[in-house]
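Heads up: the structure comes next, in structure tokens.
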Amino acid sequence: MSSKKFRMAPFAVLAALALPAVSLGGAATAQAAQAGQSRGVPDYGTWQADVQKAVGPAIPWLRDRTGKAGKGGGKPAVVLDIDNTALETYYHEGRANKPVLKVAQWAHEHDVAVLFVTARTSSSSARQQLRDAGYPVDAICTREHGEEKGEGKERCREELTQDGYTITANIGNRPTDFEGRYYEKGFKLPDYDGRLS
């Protein structure tokens, strides 16, 4: 199924400056925090606070956008990056990033498709990881071998748009998640100047 191409200029909602650290305890969290701080990556609690601030406006945006159904010409959808966006890959491999999971669950409950666009080149393990973490998965699009990350993500969004989706929100943590077109609004999680990939 094909639909009118969606070519609105993206607007990224940037994450706020780092907030004070929250101590969560636990050996794994302490080890990740120690390793991360040596790279300039904050502890888990600070990251979670920054993530919450970045995605906090996403549900109100989706609620408002879906209340104006029919304007986009396709099924409303949210696109999520996987690593250090949907999943806590750096801090807890395979675990859901709860503020982002909350957005995905709200979307699913309100008939908004949950799509994943990733720089990974295979979707086989990603689909299972996402489902194990509690995510609804309507589609996954991966990067092709030899394709630049930003180029691959824009191609994926274009293909999903051609499949009949209107991407109302695009959530990721790297600038490459927002390069190009085919989404209405971007919500950028922190990457701490590229230190959190």
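Amide H contacts under 5 Å for Gly186: Phe11, Ala12, Val13, Asn170, restricted to partners 5 or more places along the chain or on a different chain, H placed in the peptide plane at 1.01 Å from N. Each peptide among 47-56, 79-88 gets the average number of other Cβ atoms lying within 10 Å of its residues, and from highest to lowest they stand as 79-88, 47-56. For the stretch 116-197, what class follows from the C-alpha gyration tensor (a ≥ b ≥ c being the square roots of its eigenvalues): rounded when a/c is under 1.5, otherwise prolate if a/b is larger than b/c, else oblate? Because its axes are fairly even, with a/c under 1.5, the stretch 116-197 counts as rounded.
Where a number appears in this text, it was derived from the coordinates with a stated rule and is not lab data. Note that this is a predicted model, so its numbers are computed, not measured. Neighbour counts run over all protein chains shown; Cβ positions are idealised from the backbone, glycine included.
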